[in-house]
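Notes follow once the structure below has been shown.
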Amino acid sequence: MEITTERIDGVLVIGLKGRLDGYAATQAAPEIERSLRDDDRSVVFDLDGLTYMSSAGIRILLALHKKVKARNGGIALCNVGEYPRNVLSMAGFDRVLPIFSSRDDALREVQKREGSLSLIADLKNPTVEREGARFAFEPVSRAPASLRVKGSLATLLHARIREEDLSAERLSGITYSLGLGALGSGVEDTMPYLGEMMTLHGSMIWLPTDGHDTPDFFVPAGDTGAVRAYTAFNLSLEGAFNEVAVVEAAGEEGIALDALYRAIFALAKERRKECRGVLATAIWGVVAGVQSTGIKRSPIAGSAPANGGSILDPENYDEWMDVCTEMKYDGYSIVTFGIGIDLSADLSGYDRKALDAIDAGHAGPSGLSLHNHGVVFRGVPWDAETDLVRGIERCLADGEFVDMRHLLDTTRIRRAKVGIAYISAIKQE
């Protein structure tokens, strides 16, 4: 049994050759499952060269048909030989699964369906193009939003964290936050393991600095207050998002995270007077690739770089930071929380000390300072009709947890819903 997969204009095309019997079906099913991205809605099966098919093979086709149909999509078959066609006909499935004489005909049909879905979405909510992506906006709240910061980014970056710098956070009290922290029985227990962390809807996901480079997470059914997150630096959103942007990249390569922020800031200058240069975002979407960093060691007092500099200084970077420049997790779901600061804006309206506490001063080429953490999931179908909060909750409840990292600005998003809070104040505790 030979299986090939490729993408043509965004459509997954799976080629099957040889005999699709009971044994081959057990081999083919996991490979087909791996090739399916969380945002795939249409699949073409090219059966040119498939000489035999049994009920086991039909079950594979039907299972995928049901999965993508739940996403408002479907599958199409093409180049079906005489014997497989007879099997499908006798089983009654030639009336369920559309069959086309050529791959081009099958692709035209599924692309027509994809185009109709996109047109309906555009009619419901007009789009604007920026940075190689389409943006449509849905209003959420007019209430002002703010950021609360505990601890200091400078203390973290210079590895000077002491036990008295840690605070215990009740998980149910934080909807969206990021920073440096750990789970454990108390301050003394957590100090050696402080790592990248984020909280989402009362769940905590973090990367312990224990040398294993394996994220950990805790999703409580309820909050008794007995388990708390110990944080040395914590940046959290207070208030609701002001609007949600539905983002669709024009190409398969997606839109880079910094370009996404750049577009949001540019569009805000045209549309949102309350945007004063700082915003917070939560993203639920599908990635084209993740590039990331993670801190290797707990930056506690006594472990500071010998040269007295920051752990991000070039001469200290390799010792302290684990960097992954490989583009990973194409087609997986992601949930992120982050902040963006437009350093070209007039930031004088913010408390300067609080602003300095969250800004490491490392602006990208576009003049933006970005800080984003993301959690990667598998097996959460993308649905543009699902609202942002429900999408995040589905990832936490039903998704296969894959990874959690600090995201590089070069991480690429293919499609997403982005909650945007235009920050009116930054409060330091």
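So here's what we get for this one:
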| item | result |
| --- | --- |
| Paramagnetic reach from residue 325 (point 7 Å along Cα→Cβ, amide N under 15 Å) across the stretch 394-425 | 408-411 |
| The stretch 2-121, accessible area per residue, ligands and nucleic acids excluded (1.4 Å, Å²) | 49 Å² |
| Computed [θ] at 222 nm, deg cm²/dmol, the chain (DSSP H ≥ 4; -39,500 (n - 2.57); rounded to nearest 500) | -7500 deg cm²/dmol |
| Anisotropy class of the stretch 127-429 from Cα gyration tensor, a/c 1.5 cut | rounded |
| Accessible area of the chain belonging to carbon and sulfur atoms, whole % at 1.4 Å probe | 49 percent |
| Excluding exposed DSSP-loop trypsin sites (Lys or Arg not before Pro) (at most 13 other C-beta within 10 Å), longest clean stretch of the chain | 274-429 |
| Most to least accessible of 329, 261, 23 (protein chains only, probe 1.4 Å) | 23, 329, 261 |
| In Å², nearest 10: area of residue 200 left accessible to a 1.4 Å probe | 0 Å² |
| Accessible area of residue 158 in the full protein assembly, 1.4 Å probe (Å², nearest 10) | 50 Å² |
| Over 25 Å (Cα to Cα) - which of 296/353; 328/417; 150/328 fall in this group | 296/353; 150/328 |
| For the stretch 52-65, 3J(HN,Hα) per residue [Karplus equation, 6.51 cos²θ - 1.76 cosθ + 1.60, θ = phi - 60°, Hz, x = Gly/Pro] | 8, 9, 10, 4, 4, x, 4, 4, 5, 4, 5, 4, 6, 4 |
| 24 Å Cα-Cα reach of residue 17 towards lysines, excluding residues that sit fewer than 8 places from it in its own chain | 66, 67 |
| Residue-normalised accessible area of the stretch 127-429, expressed per residue, 1.4 Å probe, Å² | 40 Å² |
| Linear extension gain, residue 356 paired with residue 27, 0.36 nm per residue minus alpha-carbon span | 112.9 nm |
| Nearest-10 value in Å² for the accessible area of residue 324, using the 1.4 Å probe | 30 Å² |
| By accessible area with a 1.4 Å probe, ligands and nucleic acids excluded, highest first: order of 198, 327 | 327, 198 |
| 135, 100, reordered so the largest accessible area comes first (probe 1.4 Å) | 100, 135 |
| Separation of the residue 317 and residue 85 label points, Cα + 7 Å toward Cβ, nm | 6.0 nm |
| Rg to Rh quotient for the stretch 2-128, alpha carbon positions, Kirkwood Rh | 1.00 |
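The values are calculated or read from the model by the stated rules, or taken from the named source; none is laboratory data. No experiment lies behind these values; they were computed from the predicted model shown. Cβ: placed from backbone, ideal geometry, glycine included. Neighbour counts: every protein chain shown. The area values use the complete protein model at the heavy-atom level, side chains included, leaving out ligands, DNA and RNA. Shrake-Rupley method; radii C 1.70, N 1.55, O 1.52, S 1.80 Å.
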